[in-house]
Amino acid sequence: MKGKIFLKISALFLFICLVGCSYFKPYHVDVQQGNILENKVVQQLETGMSKEEVEDLLGTPVLRNAFNDNYWTYIYTSQINGGNIEKKQLVVHFSGNKLSKIEKKNI
């Protein structure tokens, strides 16, 4: 009789533990990498701006070609609480020292 009660209590305890494991999710660190590209800042870009003005506005680009300094690539990735990864990319092209073209992806 005592063995059956102990078995039932053990089974109930095991069931509660297993249900609890699926209920609580582990904490995931928010991960942000690259240059933070906010819409309101990107909208301030205008063709004709100098390289210094673009760098003051957006910061140093993640990718800068050592052999061709006529385009810069800004990349930003964000993953909040282990969810989907959000990717943004901005490529700015220069003609001489002036901004000539802006390419946006997911901004």
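Scanning the range 36-72 for residues that are of a type in the set (Gly, Ala, Ser) and modelled with pLDDT under 90 yields a single hit, 66.
For the range 21-35, the tally of residues that are at pLDDT 85 or above and among the hydroxyl-bearing types (Ser, Thr, Tyr) stands at 0.
If you filter the range 63-87 down to residues that are in contact with a Gly (Cβ under 8 Å, 6 or more places away or on another chain) and surrounded by 16 or more Cβ atoms within 10 Å (Cβ to Cβ), you find that the one that is farthest from residue 29 (Cα to Cα) is 74. Screening residue 14 on (1) surrounded by fewer than 13 Cβ atoms within 10 Å (Cβ to Cβ); (2) within 30 Å of residue 106 (Cα to Cα) shows it passes everything except condition (2).
The values are calculated or read from the model by the stated rules, or taken from the named source; none is laboratory data. A quick note: this is a predicted structure, and the numbers were derived from the prediction, not measured. Cβ sites come from the backbone with ideal geometry, for glycine too, and all protein chains shown count toward neighbours.
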